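The values are calculated or read from the model by the stated rules, or taken from the named source; none is laboratory data. None of these values were measured; they are calculated from a predicted model. Please note: Cβ atoms are built from the backbone with ideal geometry, for glycine as well, and neighbour counts cover all protein chains shown. Keep in mind that these areas ignore ligands, DNA and RNA; they rest on the heavy atoms of the full protein, side chains included. Shrake-Rupley method; radii C 1.70, N 1.55, O 1.52, S 1.80 Å.
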Amino acid sequence: MQQGQDIVACHGRHALLGARVFDGRRWHNDAAVLIEEGRIRGLAAWGEVPNGWPLRRLPDDALLAPGFIDLQVNGGGGILLNDEPTVEGMRAIARAHRRYGTTACLPTLITDSRRQTQAAVAAARTAAGSGGVLGVHLEGPFISPARPGIHRADHIAVPQVSDLDWLADLAGAGRSLITLAPERVPDGFVNTLAAAGIRVSAGHSQATAEVVMRAIEEGLTGVTHLFNAMPPLAGREPGIIGAAFAEHRLTAGIIVDGIHVDPITVRAAFAAKGADAIALVSDAMPSVGARLNEFQLMGRTISLRQGRLTAQDGTLAGAHLDMASAVRNAVKLAKLPLDDALRAASLTPARFLGLEDERGAFICGAHADMVALTSDLDIIGTWIDGVEHSYVGCYEHL
């Protein structure tokens, strides 16, 4: 294991003390998070920790929050899920993002062949529930050819009712998600997926607001990378963006890298929907956590220049972004309150996946998934099920 990435196992009971603790909903000063066998047992004041519990204290200028949950992560650490749609590939991607505060994620496969897509689903059925992998996000192949983004046009598919047969395997792949263009699917398609427990999100789509509203009634609950790969909002043509603003039933992912969406637009979206209905996502590519200036994406060379990932024709190709940077950008670029940014990175995506009783907040029985940050919002350490992945020796034993 590399220096600075030692794993510190803390079994049994212990308490982690922080001068500032955000529990997913509100702030606590001088609070202790009680952890037992990898689960949260509650919060207490520093002087009210039960006798016999080992105490570990964060630096005075640190803050402690629930671990980040990334709904859209294409790669990391030099690995692209489309190249390695395997259990090992998914776990490696999750591991690469751990240093950035991400404690759970949906490895994301962009539009690809049926063979690669089914391989990713099969891998997720094994990987989900361990190593920080919650399931898989299929971003395609049932998207609009009018809004492909970086997706390969020759793999975009017209959905058929028969596709529901193999998509049913997603129901056994943890808490999984599919992004599709609702205007292109047959009647009842969204309903069947949603009824099976699969999250359905609108993205890479030309859908009108009316089409989106009908899809919501069938079980559509998400919007993928709001503002990107969809028509702009207009007074008489609200489209997907207008529907997302009007409907709290929709949780919208948003890429806050200062490139995909202008910071003022980010602030407007939060003003319209609130942090309870917007999830920060990374849309990360293999360059995150790796020394890569170029990589191949399904036969196309993607270059990293000044934080921007593009194909040779200038098309944006995902993001060189991690969740800690997304939180920091939300605060420093978009001028959002810190608690809104933290909630959008943790409790909101957990709620979208139906996991709000298990992740995203410091409540009794939840996984002890946590992140400690400096006052400048740099990562100090990350915990998964109470096991610390320490990067700078972030606490003292008392």
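At a glance:
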read-out	value
Relative contact order (%) - region 216-336, alpha-carbon pairs under 8 angstrom, separation at least six	23
Bins of 5 Å from zero: percent of alpha-carbon pairs in region 268-398	2, 9, 15, 17, 18, 16, 12, 7, 2, 1, 0, 0
Per residue accessible area in Å² of the chain, where ligands, DNA and RNA are left out and the probe is 1.4 Å	39
Carbon plus sulfur fraction of accessible area for the chain, probe 1.4 Å, in percent	46
Sum of side-chain charges, H151 neighbourhood, beta-carbon under 12 Å (Lys, Arg +1; Asp, Glu -1)	0
Distance in nm between pseudo-label sites at E88 and T126 (7 Å out along the Cβ direction from Cα)	1.0
Candidates A252, A122, A244, ranked by Gaussian network fluctuation over the chain, Cα under 10 Å, top entry	A122
Using alpha carbons only: equivalent-ellipsoid semi-axes of region 167-234, gyration tensor based, whole Å	21, 13, 9
Structure-derived Cα extents along the principal axes in Å - corresponding label in (i) 106, 53, 32; (ii) 64, 59, 46; (iii) 62, 42, 41	(iii)
Simple Cβ-charge dipole of the chain, Lys/Arg +1 and Asp/Glu -1, about Cα centre, in debye nearest 20	300
The chain, relative contact order in percent, only Cα pairs under 8 angstrom and at least six apart counted	22
Charge sum, other residues only, whose C-beta stays under 11 Å from R328's C-beta, Lys/Arg counted +1 and Asp/Glu -1	-3
Relative contact order (percent, whole number), region 119-276, Cα cutoff 8 Å, 6+ residue spacing	18
Span per principal axis, largest first, for the Cα atoms of region 186-318 (Å)	44, 33, 26
At R0 = 25 Å, FRET efficiency that the Cβ-Cβ distance of R308 and A246 yields, to 0.05	0.20
I264-Q118 pseudo-label distance in nm [points 7 Å out on the Cα-to-Cβ vector]	5.0
Spin-label zone in region 318-361 - amide nitrogen under 18 Å from a point set 7 Å from the Cα of A271 along the C-beta vector	330-338, 340-341
